[in-house]
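Visitor: Sharing a structure with you now.
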């Protein structure tokens, strides 16, 4: 919709408002204009000047913007309040929160589209995209983020970053690691080369690219992204964004064996999320701390943290994330000697995961089921699970995990007397181990001047 409606539409609106107020054309026109001019305007035969429309708006008791666009002066404010409410609902993590938030975002979207309010429409689309990520409806999430990008059109790149980042996350969760990295890196490069050093936009992108880097095995790039994110954090204005950064940085610290620092980073994130009352992200902190504890051998604490994360995400009906936590919980249960419970949990989870939805965790579930089958001396089932996991990881390009899985499969094949097949598996694993994450990634993006 244009900033000002056409003369016919404005004429009808003037006539309707005049009739509602019981005014004659003469009363509306006085003292600056004639009844004939008002009649011509109402018929849509003249494009009234701004001065004339301001006079008529004052006589009708409405705002000038409402008269020329049909939008209530209070509408944008009301929609922003509704958006804030929907975002708060989404953050609480209460039972049914995602569905309630999606309903509120959809209502705002309808109003914003009807009245041509671009900013409010984009915010509603971003909210619906986040709801799609939470529920695991990645196609819907990607569609909403793409629509937000299109609505922003030629807006400055920092303004488009949340939509671009959302689309990249949807591709990442679908197992399209290289494309997710391409989207994030190309945006970072454009921001930094163009001198668009918006701290919030850059921090959002660096925090988001750490996960795909780690899964691709590009640990050096992940560490560099974490270092840049930490340097940007003091300049960022959004505490929730800083908390998310601390959570992502913990992954790189853990990969470098800096467990105490990783735990401290997660503690900072959790503290910020509690202060902001963002329960969903707090669940992710429990999840990550459970992983840290598992890596450190604190299995009882790891189990407690992961169960807490799963309960919080399940209450919110965040199906995809709930399934992903369950895979890591199953690993801890297996290591604690509860293999039957772990296997039951994994079979339940695999019904909700697929190659297009949670590919990496689906592969992790098959890998763990293979290990459990090997422990039970069921080599045929173990091999089947390893091969399924291998197929999922190859499609996603998760180099680090592929190398480990090829070793497991090779060991199994060697123990069952298939030496040549075992050697092939080892060779494949070594190929992934030699230069993880470097063969498919181009030059690193330009860095901000810090």
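Visitor: Please indicate, with yes or no, whether at least one residue in segment 349-369 is over 25 Å from residue 175 (Cβ atoms), out of contact with any helix residue (DSSP H, G or I) (no Cβ under 8 Å at 6 or more places or on another chain) and free of Cβ contacts under 8 Å to residues at least 12 places away in the same chain. Show your work before the answer.
Guide: First, the residues of segment 349-369 that are over 25 Å from residue 175 (Cβ atoms): none.
Within segment 349-369 (the criterion being over 25 Å from residue 175 (Cβ atoms), out of contact with any helix residue (DSSP H, G or I) (no Cβ under 8 Å at 6 or more places or on another chain) and free of Cβ contacts under 8 Å to residues at least 12 places away in the same chain), the answer is no, since none of the residues qualifies.
Visitor: If you take the residues in segment 50-62 that are in contact with a helix residue (DSSP H, G or I) (Cβ under 7 Å, 6 or more places away or on another chain) and surrounded by 16 or more Cβ atoms within 10 Å (Cβ to Cβ), which one is nearest to residue 27 (Cα to Cα)?
Guide: Quick first cut of segment 50-62, residues in contact with a helix residue (DSSP H, G or I) (Cβ under 7 Å, 6 or more places away or on another chain) only: 53-54, 56-57, 59-60, 62.
Filter once more, so that each one left must be surrounded by 16 or more Cβ atoms within 10 Å (Cβ to Cβ): 53, 56-57, 59-60, 62.
Working: 53: 15, 56: 10, 57: 13, 59: 9, 60: 10, 62: 16 Å.
Within segment 50-62, the match that is nearest to residue 27 (Cα to Cα) is 59.
Visitor: Does segment 14-29 include one or more residues that are farther than 30 Å from residue 315 by Cβ, modelled with pLDDT under 90 and surrounded by 15 or more Cβ atoms within 10 Å (Cβ to Cβ)?
Guide: no
Visitor: What's the number of the only condition in (1) in contact (Cβ under 8 Å) with a residue 24 or more places away in the chain; (2) surrounded by fewer than 19 Cβ atoms within 10 Å (Cβ to Cβ); (3) assigned to a helix (DSSP H, G or I) that residue 327 fails to meet?
Guide: Evaluating residue 327 over (1) in contact (Cβ under 8 Å) with a residue 24 or more places away in the chain; (2) surrounded by fewer than 19 Cβ atoms within 10 Å (Cβ to Cβ); (3) assigned to a helix (DSSP H, G or I) leaves (2) as the failure.
Visitor: Looking at 206, 213, 273, can you tell me which residue is assigned to a helix (DSSP H, G or I), at pLDDT below 85, touching a helix residue (DSSP H, G or I) at 6+ places or on another chain (Cβ under 6 Å) and surrounded by 23 or more Cβ atoms within 10 Å (Cβ to Cβ)?
Guide: Values: 206 fails: at pLDDT below 85; 213 fails: at pLDDT below 85.
Just one listed residue meets the conditions, 273.
Visitor: Given the criterion outside any helix (DSSP H, G or I), surrounded by fewer than 23 Cβ atoms within 10 Å (Cβ to Cβ) and touching a helix residue (DSSP H, G or I) at 6+ places or on another chain (Cβ under 9 Å), identify the matching residue among 317, 307, 301. Give the steps one after another, and end with the answer.
Guide: Numbers: 307 fails: outside any helix (DSSP H, G or I); 301 fails: outside any helix (DSSP H, G or I).
Unique residue meeting the criteria: 317.
Visitor: Of the conditions (1) surrounded by 15 or more Cβ atoms within 10 Å (Cβ to Cβ); (2) more than 38 Å from the chain's Cα centre (by Cα); (3) part of a helix (DSSP H, G or I), residue 66 fails just one. Which one is it?
Guide: (2)
Visitor: For segment 216-229, how many residues are out of contact with any helix residue (DSSP H, G or I) (no Cβ under 6 Å at 6 or more places or on another chain) and closer than 15 Å to residue 447 by Cβ?
Guide: Keep residues of segment 216-229 that are out of contact with any helix residue (DSSP H, G or I) (no Cβ under 6 Å at 6 or more places or on another chain), which gives 218, 220, 224, 227.
Among the residues that remain, those that are also closer than 15 Å to residue 447 by Cβ are: 220, 224, 227.
Matching residues across segment 216-229 total 3.
Visitor: I'd like the residue in segment 189-205 that is within 25 Å of residue 266 (Cα to Cα) and touching a residue at least 40 places away in the same chain (Cβ under 8 Å) and, out of all such residues, is farthest from the chain's Cα centre (by Cα). It would help to see each step written out before you state the result.
Guide: Within segment 189-205, the first condition is being within 25 Å of residue 266 (Cα to Cα), and the residues that meet it are 198-205.
Now restrict to residues that are touching a residue at least 40 places away in the same chain (Cβ under 8 Å): 198, 200-205.
Details: 198: 19, 200: 15, 201: 14, 202: 15, 203: 14, 204: 10, 205: 11 Å.
Looking at residues that are within 25 Å of residue 266 (Cα to Cα) and touching a residue at least 40 places away in the same chain (Cβ under 8 Å), I get 198.
Yes/no per residue for (1) under 30 Å from residue 277 (Cα atoms); (2) in contact (Cβ under 8 Å) with a residue 60 or more places away in the chain:
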| site | (1), (2) |
| --- | --- |
| 56 | no, no |
| 59 | no, no |
| 63 | no, no |
| 66 | no, no |
| 69 | no, yes |
| 95 | yes, yes |
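Visitor: Let me ask something else. Hey, among the residues in segment 127-145 that are within 23 Å of residue 213 (Cα to Cα) and modelled with pLDDT of 95 or more, which one's surrounded by the fewest Cβ atoms within 10 Å (Cβ to Cβ)?
Guide: By that ranking, first place goes to 142.
Visitor: Sticking with this one: Out of segment 411-431, which residues are under 30 Å from residue 210 (Cα atoms) and in contact with a helix residue (DSSP H, G or I) (Cβ under 8 Å, 6 or more places away or on another chain)? Can you show your working first?
Guide: Quick first cut of segment 411-431, residues under 30 Å from residue 210 (Cα atoms) only: 425-431.
Selection gives 425, 426, 428, 429, 430.
Visitor: Right, another one. How about segment 72-87: which of its residues are modelled with pLDDT under 80 and either exposed (fewer than 12 other Cβ atoms within 10 Å of the Cβ) or assigned to a helix (DSSP H, G or I) (or both)? Even if it seems obvious, please write down each step before you answer.
Guide: We begin by selecting, within segment 72-87, every residue modelled with pLDDT under 80; these are 72-76.
Answer for segment 72-87, where residues must be modelled with pLDDT under 80 and either exposed (fewer than 12 other Cβ atoms within 10 Å of the Cβ) or assigned to a helix (DSSP H, G or I) (or both): 74, 75, 76.
Visitor: Checking residue 293 against (1) modelled with pLDDT of 85 or more; (2) more than 30 Å from residue 317 (Cα to Cα); (3) crowded, with 20+ Cβ neighbours inside 10 Å, which single condition isn't satisfied?
Guide: (2)
Visitor: Here's something else I'd like to know. Kindly indicate whether any position in segment 103-113 is surrounded by fewer than 16 Cβ atoms within 10 Å (Cβ to Cβ) and not in a helix (DSSP H, G or I).
Guide: no
The values are calculated or read from the model by the stated rules, or taken from the named source; none is laboratory data. Everything numeric in this text was worked out from a predicted model, so none of it was measured. FYI the Cβ positions are ideal-geometry reconstructions off the backbone, even for glycines, and counts take in every protein chain you see.
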